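Input: a single structure, listed below in structure tokens.
The values are calculated or read from the model by the stated rules, or taken from the named source; none is laboratory data. Keep in mind it's a predicted model, so treat the numbers as computed, not measured. Every residue, glycine as well, gets a Cβ built from its backbone with ideal geometry; the counts of neighbours run over all protein chains shown. What goes into the accessible areas is simple: the full protein's heavy atoms, side chains included, and nothing from ligands, DNA or RNA. Shrake-Rupley method; radii C 1.70, N 1.55, O 1.52, S 1.80 Å.
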Amino acid sequence: GNWYCARSEDGGSNWTTINPYSDMGFYSNDRPKFCCDQDIVFDPKEKIFVWYRQGVEDPVTGQGFFRLGISPDANHWYNYDIYPTNVSNVLSVHDMFDLPQLSLSDKYLYIKSNIYQSNQFKGTIFIRWLLDDLKNNAPAHFDFYIAKSGGFNYVPVQGAKNKMYFAAQLSNIRMRIYEWDEGSSSPKEPFDVTIDPTILAGEGQMKCLSPGGFNWCARADYRMLGGHYQNDSSSGGNGTIT
């Protein structure tokens, strides 16, 4: 959830609430440093949990950040605080990360985030970090790419192997896809594909009611929220992106 999380040690039978504000601290005006958006993934190869928490802008400098936690047990964490200027000098102290999503390939953690400055969308950033470095708490070192034109809110696929894919809708019938090979320092030029026509609904227009009548889609809009890669090559087919 945006402002809460919980942890289970018995396969989900019992849960302990975790306060995402607790270890991120406060600014001098007692404003919490934790903002809202979170994502978490588990890497079964390196056996680490990766927890992303979005920070609030510094009230003095206006600089935002995110905290990336690494843990073998989802209890004891090693944290990295990453500011826009840590990523690249093409970003400024006034840039803000928003709407994060995490995904794994064979060797890398990929972090996707939109970037805003003064509430103006500047693009979607893809940050790539070696899982082996994260497991060993090595100093922060990563590759990145910013998609500045065409598409809003690119999302990564789950299930990637030696390539990662990011996609966003351009219209109700067109999708743009980036492919990033593990052996390359940046993605290839994106390619566009035709998709089945969709309805470009806005927030408040979608409905998917639970049995109790709760609308899980109340805040949804036309943007894609996730994707998946299925490797069919073992049976003679091609990989499929969904």
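Across the protein chains, with a 1.4 Å probe defining accessible surface, the residues Val155, Val93 rank Val93, Val155 from largest area downward. Mean projection of the Cα convex hull over all viewing directions, computed for the chain: 15.8 nm². When only the Cβ of Lys, Arg, Asp and Glu is charged (+1, +1, -1, -1), the dipole of the chain relative to its Cα centre reaches about 340 debye.
Rolling a 1.4 Å probe over the protein heavy atoms of the chain, with every protein chain left in place, gives an accessible area that is 50 percent carbon and sulfur.
Reported to the nearest whole Å, the Cα centre-to-centre distance from the range 125-166 to the range 46-81 is 16. A viscosity of 1.002 mPa s and a temperature of 20 °C, combined with the Kirkwood radius over Cα pairs in Stokes-Einstein, give a translational diffusion coefficient for the range 156-242 of 143 µm²/s.
With viscosity set to 1.002 mPa s at 20 °C, what whole-number translational diffusion coefficient in µm²/s follows for the range 192-242 from Stokes-Einstein and a Kirkwood radius over Cα pairs? Stokes-Einstein gives a translational diffusion coefficient of 155 µm²/s.
Taking Lys and Arg as +1 and Asp and Glu as -1, the other residues whose beta-carbon sits under 13 Å from that of Glu57 total -1. Backbone amide hydrogens, once placed in the peptide plane, bring Asp37 within less than 5 Å of Gln54, excluding anything fewer than 5 places away on its chain. For the range 1-89, calculate the relative contact order in percent as a whole number, restricting contacts to Cα pairs under 8 Å that are 6 or more residues apart. Relative contact order for the range 1-89 comes out at 18 percent.
Note that the range 93-99 has calculated 3J(HN,Hα) couplings of 5, 9, 7, 10, 7, 7, 6 Hz, one per residue in order, obtained from phi through the Karplus relation 6.51 cos²θ - 1.76 cosθ + 1.60 (θ = phi - 60°); glycine and proline are x. Normalised by the number of residues in the range 118-242, the average gap of Cα pairs under 8 Å and 6 or more apart makes the relative contact order 19 percent. Relative contact order of the chain, taken over Cα pairs closer than 8 Å and 6 or more residues apart, is 10 percent.
Work out how much length Ser92 to Trp77 would gain on full extension: take 0.36 nm times their residue separation and subtract the Cα-Cα distance, in nm to one decimal.
In short, 2.6 nm is gained.
Of the trypsin sites (Lys or Arg not before Pro) found in the range 151-203, those in coil by DSSP whose Cβ has at most 14 other Cβ atoms within 10 Å are Lys161, Lys188.
Once you list every other residue whose beta carbon is under 11 Å from the beta carbon of His94, what net charge do they have if Lys and Arg are +1 and Asp and Glu are -1?
That sum, taken over residues with Cβ under 11 Å, equals -2.
Taking GluC sites (Glu not before Pro) across the range 164-242, the ones in a DSSP loop with at most 15 further Cβ atoms lying within 10 angstrom of their Cβ are Glu182, Glu203. Taking Cβ atoms as reference points and 10 Å as the exclusive limit, the residues near Glu182 contribute a net charge of +2, counting Lys and Arg as +1 and Asp and Glu as -1.
The convex hull drawn around the Cα atoms of the range 89-180, when projected onto a plane and averaged over every direction, covers 6.7 nm².
Cysteines of the chain lacking any other cysteine Cβ under 4.7 Å from their own Cβ: Cys5. Calculated accessible area for the chain comes out at 54 Å² per residue, all protein chains present (probe 1.4 Å; ligands, DNA, RNA ignored).
Rolled with a 1.4 Å probe across the full set of protein chains, the surface gives Phe26 an accessible area near 130 Å². Based on DSSP H segments of at least four residues, each scored -39500 (n - 2.57), the chain has a per-residue ellipticity at 222 nm of -500 deg cm²/dmol.
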